[in-house]
1. Cα-based count: Lys pairs in region 237-287 below 23 Å, eight or more positions apart or different chains?
2. Considering the dipole of the chain built from charges on the beta carbon (Lys and Arg +1, Asp and Glu -1) around the Cα centre, which of L181, F349, I222 is farthest to its positive end?
3. Mind checking which aspartates and glutamates have their Cα closer than 17 Å to the Cα of K381? Skip sequence neighbours fewer than 8 apart in that chain.
4. If you put +1 on each Lys and Arg Cβ and -1 on each Asp and Glu Cβ, how big is the dipole of the chain around its Cα centre, in Debye rounded to 20?
5. Calculate how many DSSP beta bridges within region 67-214 are antiparallel, expressed in % of all such bridges and rounded to the nearest 5.
6. Over 22 Å apart: what share of the alpha carbon pairs of region 2-82 falls there, rounded to a whole percent?
7. For region 276-387, taking Cα atoms only, what is the radius of gyration to one decimal and the Dmax to the nearest whole Å?
8. If you build a Gaussian network model of the chain, linking Cα atoms that sit under 10 Å apart, which residue out of G190, G75, G322 swings the most?
Amino acid sequence: MKKNNKILNFLPQQYSQNNKFRINHNYLKEQFNDSENIISQIKELSQKCDFTLGEEVDKFEKKFAKISNSKYAIGVGSGTDAIILSLLAAGINKGDEIITTPYTFYATVGAIASIGAIPKFVDVSHDYNINPDNIERAVTKKTKAILPVHWAGLICNMQSISRIAKKYKLHIIEDACHAILAHRKQKRPGHYSIAAAYSMHPLKNLNVWGDGGVVTTNSKKIRDKIMLLRNHGLASRDKCKLFAGNSRLDTIQAIVANNMLKKINSITNSRIKNAKLFDNLLSDIKHIKLPPRLKEAKQVFHLYIIQATKRDKLKKYLNSFGIDAKIHYPTPMHLQPASKIYGYKRGDFPITEQFTKNILSLPVHEYITSEDIKFVSNKIKDFYKKK
């Protein structure tokens, strides 16, 4: 937002607008209405004063490594930083090409661009994830890594991606920011890659009271490098092994994360249950298309996304009844103004472009009731009956 030639924070206005909805994507007030225990622990921290990389961070890393079936977990400042530090730890340099999807959040591409690497986009499949059949033709001499995104909590076809990576000696770094506890053929993020990056943004399935992220890896070398990269390159208070930035997970956020880890299985199961109910209620509407649901995969539904004809009118209709239907996201990454430097044009990735014209997200979090889901579904049916 611009006012008086100054760029202002657009988020407060967005928060205010979101609060008007009865069935909301934002559920934080409900989730943290019993925050007394967290507040108590933060008060204890105010006396202990290990605010940066304190004991709670160590506890969180051990717990997260365990639930993600990984040897190591490293807490960092955000999901974006989790991707950036993973790329740097893998030795990605300026000018290197990273294959990824144009159907993702800005952070995926921003992480690549911020270290001077070049995003090389590949179109998606009908499950919204990168299509492995399109990857090989995108490989060049400059390609150094593949960065798949587990969109909406569905794990990509990592077996196929891994075969391509091995053939061309490419790193795999997973954007698992939507995919905590997700698996495919019992394999969680990090099984086929050198690192998996997670976000703990307030609206992620595992969330904190601000920004936070975590990297998982089975490589001690990668773990050790990220440990340095997140903390100024310090091996100890008086020894700097490499000059680096600051992307530490705050101890306060680790306290919140440790409390939320106690609920993560319940949160995940509720989202899956809610998504199944939506599927059952919406599957017979000819104007609605659901993505394939893979029996081999546990999808954790950070987002519940449908494709709808007359999408924009449907969104407006649902909003008028207090339903916070959103679009994640209306413009794919290759058509964003920031991508002009890469030379992409409309028509380059037809499936992605078609998706972004039709996709609509419905609230699916653990505080949506079955009555809410039936209400939303009935309003969608009503909309198409009137058309």
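Rule-based calculations on the coordinates, nothing more; no lab input. Because the structure is predicted, anything quoted here is derived from the model rather than measured. Positions of Cβ are generated from backbone atoms using ideal geometry, with glycine treated the same way; all protein chains shown enter the neighbour counts.
1. Within region 237-287, the lysine pair count is 5.
2. Highest projection toward the positive end goes to F349.
3. D279, D284, D312, D324, E371, D372
4. With only Lys, Arg, Asp and Glu charged at Cβ, the dipole is about 940 debye.
5. Once the DSSP bridges in region 67-214 are tallied, antiparallel ones form about 30 percent.
6. When every Cα pair of region 2-82 is considered, 57 percent fall beyond 22 Å.
7. In Å, with Rg to one decimal and Dmax whole: 15.5, 48.
8. Maximum fluctuation in the GNM of the chain, among the listed residues, is at G322.
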